[in-house]
Structures are given as C-alpha cells and as structure tokens.
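Participant: Input: one structure, supplied below.
None of the figures in this text is laboratory data; all of them are computed from the coordinates on show. Small disclaimer: the values here were computed from a predicted structure and weren't measured. All Cβ positions, glycine included, derive from the backbone under ideal geometry; neighbour counts span all protein chains shown.
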Amino acid sequence: MSKAYAIKTQNLTKNFGELLAVNKIDLTIPYGKTYGLLGPNGAGKTTTVRMLNAIISKTSGNASVGGYDIVAESQKVKMICGFLPEAPGLYSKLTAKEFLEFIGELYYLQKSVISARIDELIELFNLEGRENDLLEGYSRGMKQKVCLCAALIQDPEIIFLDEPTSNLDPAAARMVKDLISQLVKKAEKTIFICTHLLDTAEELCDIIGIIIDGEIKVEGTPKEIIESVGARDLEEAYLKITGASHIDDLLGWREENPNNNHNESKKNKNKKNKRSR
Ligand SMILES: Nc1ncnc2c1ncn2[C@@H]1O[C@H](COP(=O)(O)OP(=O)(O)O)[C@@H](O)[C@H]1O
Ligand SMILES: [Mg+2]
C-alpha cells in the first residue's frame, strides 16, 4: 500500500465475534501531521490503534503504517512506531532505567544508544534522581511518564498515544498534556492521539476524526469541524455531533413509529425544533 502517507487504511474492519468494533474506516494521514481520534467510550478508538500497531489482527480491509503493511510487514510496523497503550503494563520490580533498557533492547538498539536516549528522556521528563528507584514506588503520573519514555525510546517516526491522560489526577494530566504539546511542537513526527481532551485536540491536532459505533462520522481540521456545525469550539462541536445526533435519532424513530399517536408525534417535533434552535 501507499508509502506516501504515514497511515493509510481502506475499509479497515474489526469484528469481535458478532460485535462490529471498527467498521470500514478509511484514514489518510500524511507524514508530520497530528491526528486526533475522538469518540465516546466503546466507539472503536483503541481497537483501531491496536490494529495499526499490529497488536491485534484486522478482520478485513487494508492498512499501512509508514508504508508497511500491518499484516505482511508487522515487524517493520512495530519497529518504526512508538505506542503508549491505554492501560500500559510496567514491571514494578525494575527501576525506570532498567525498564527502559529492556524496552531499548527489544528494539535492537545499541547499548550506547540506549544509554544516551535514556539520559535524554529522563531529563526531558524531569525524572532525574528517580531513575534508579523501583517502578512500584512511582506515582501514576510518574509511571505514565516512564511509559511515554518507553514509547519514544527508539525515536519512532510515528507515535500512537491512546488516552495519554486518562487515570491521572489533574496535576499529572496537566504535566502529560504539556509534554505532548512539547512533543507535537518540537518534533516533526506523525502523532496519532486518542483523547477526551478536546481543548488539547483543538490546539494540537491538524486533523480530527470523530468515530461513533466503529465508523468515522466526521473528519477535518478542527476549524472545519467547528464551522460545519456552527459551534464555538471543538468541545461544543463534539457534543453536537455525538450527543445531539443521538437525541434526533431517538426522536426520529418515535415519529416514524405507527403506534405513536399524532399528538405525541407533534410534541416530539416541537421538542426537536427547540433543541435545534
Ligand atoms: N478484546 C475484545 N474482545 C471483545 N470485544 C472487545 C475487545 N476489545 C474491544 N471490544 C469491544 O469493541 C468495542 C470498541 O472498543 P474500544 O476500541 O476499546 O473502544 P474505545 O477505545 O473507543 O473506547 C467495544 O464495544 C468493546 O467492548
Ligand atoms: Mg479506548
């Protein structure tokens, strides 16, 4: 598939048994861009990211990451991608430094390169002085920093961050958010981020996709999406696109239901009009 794009998918689909988690998604993400995938819980964000990182297999469709096919060249995909999972596992009996050395070795990096990168990352993430402490003694925010270091250690071309601030207290979330801003603004990397932080997404993302029930419903720049629904900001646009459409769907079904009497139907129509004003 395409080498011209950092991420390209065609009809990418994932079923878990009967459940259609991701339904024929088409993504075209150029190199150097930051893509934000937004959507309610259970919409299919994590499943998409796990397929793109060759962690789970697709059911059908095609996808390439960095020009490599996610099935036929899954090892290459893994080598060029950094991935911060939604619920990362850490080896609590290792120190941060030992853990990062271990991850570096998984990427076949030379010892001298690993050591230099660890020093850089420890400094960037303000973990100096704590790198030789066991991870079991780290706070959640610090653990998340170590996971981000692990995602960045092989200096990946393409970085996937799945809900990087979930499960963090506000101060730790703020810190991780600032680090991501720094990463986006400094490095000319391709970043794919699933997030609930709509202000961050509005500020940092070049392209936003909104996924609902496994389908990308809306895609565009934050400005395009905001303007398309006449919202003030991305948060309002997101709520209109995800929430309001559900209310309309529900009322629409009631109006079409032949068991509903005329008055009831009229009442709903009024309600609906009120909402859309
Ligand atoms: N390993 C799995 N087995 C079965 N169902 C799954 C599995 N992973 C995810 N799902 C289901 O797929 C849908 C999408 O989940 P997910 O991709 O985690 O959503 P999101 O990250 O947007 O919250 C959900 O209905 C979820 O329950
Ligand atoms: Mg998820």
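Participant: Under 15 Å from a label point 7 Å along Cα→Cβ of Leu20: give me every residue in the stretch 49-85 with its amide N that close.
Facilitator: The answer is 59-61, whose backbone nitrogens lie closer than 15 Å to the label point.
Participant: Shifting gears a bit: I need the phi-derived Karplus couplings for the stretch 22-27: 6.51 cos²θ - 1.76 cosθ + 1.60, θ = phi - 60°, integer Hz, Gly and Pro marked x.
Facilitator: The phi angles translate into 9, 10, 6, 8, 10, 10 Hz.
Participant: Taking 0.36 nm per residue of sequence separation and subtracting the Cα-Cα distance, how much length would be gained by fully extending the chain between Asn11 and Asp169, in nm to one decimal?
Facilitator: 53.2 nm
Participant: Most fluctuating residue of Pro40, Pro88, Pro156 in a GNM of the chain with Cα springs under 10 Å: which is it?
Facilitator: Most flexible of the set in this elastic network: Pro88.
Participant: While we're on this one: By how many nm would the segment from Leu106 to Glu224 grow when fully extended, if each residue of separation counts as 0.36 nm and the alpha-carbon distance is taken off?
Facilitator: Gain in length upon complete extension: 38.4 nm.
Participant: Positive end of the charge dipole of the stretch 7-228 (Lys, Arg +1 and Asp, Glu -1 on Cβ, about the Cα centre): tell me which of Ala187, Ala21, Val176 has its Cα farthest that way.
Facilitator: Result: Ala21.
Participant: Between Ser74 and Ala187, what is the FRET efficiency for a Förster distance of 30 Å, r being their Cβ-Cβ separation, to the nearest 0.05?
Facilitator: 0.75
Participant: Right, another one. Subtracting the Cα-Cα distance from 0.36 nm times the residue separation, let me have the gained length for Ser115 to Glu136 in nm, one decimal.
Facilitator: Between Ser115 and Glu136, full extension yields an extra 5.4 nm.
Participant: Antiparallel DSSP bridges in the stretch 7-228: what percent, to the nearest 5?
Facilitator: Antiparallel: roughly 55 percent of the beta bridges in the stretch 7-228.
Participant: Sorted from fewest to most neighbouring beta carbons within 10 Å, what does the list Met79, Met51, Met142 look like?
Facilitator: Ordered from fewest to most neighbouring Cβ atoms within 10 Å, Met79, Met51, Met142 come out as Met79, Met142, Met51.
Participant: Give me a comma-separated list of calculated 3J(HN,Hα) values for the stretch 63-78, in order, Karplus coefficients 6.51, -1.76, 1.60 applied at θ = phi - 60°, integers in Hz, x for any Gly or Pro.
Facilitator: 7, 10, 10, x, x, 9, 5, 5, 9, 5, 10, 4, 5, 5, 4, 5
Participant: Looking only at the stretch 164-192, which residues have a backbone nitrogen under 16 Å from a spot 7 Å from the Cα of Asn126 in the C-beta direction?
Facilitator: Within reach of a label on Asn126: 169-183.
Participant: How high is the relative contact order of the chain, given as a whole-number percent (alpha carbon pairs under 8 Å, six or more residues apart)?
Facilitator: It rounds to 22 percent for the chain.
Participant: With the cut-off at 20 Å, tell me which of the pairs Lys76/Lys143; Lys8/Lys33; Lys3/Lys189; Lys33/Lys58; Lys58/Lys145 have Cα atoms farther apart than that.
Facilitator: Lys76/Lys143; Lys33/Lys58; Lys58/Lys145, as the Cα separations exceed 20 Å there.
Participant: While we're looking at this one, here's another question. Per-residue HN-Hα couplings for the stretch 41-55, Karplus 6.51 cos²θ - 1.76 cosθ + 1.60 at θ = phi - 60°, whole Hz, x for Gly and Pro?
Facilitator: With coefficients 6.51, -1.76 and 1.60, one gets 4, x, 6, x, 5, 4, 4, 4, 5, 5, 5, 5, 9, 6, 9 Hz.
Participant: When Rg is the radius of gyration of the Cα atoms in the stretch 7-228 and Rh is its Kirkwood radius, what does Rg/Rh come to?
Facilitator: Here Rg/Rh amounts to 0.96.
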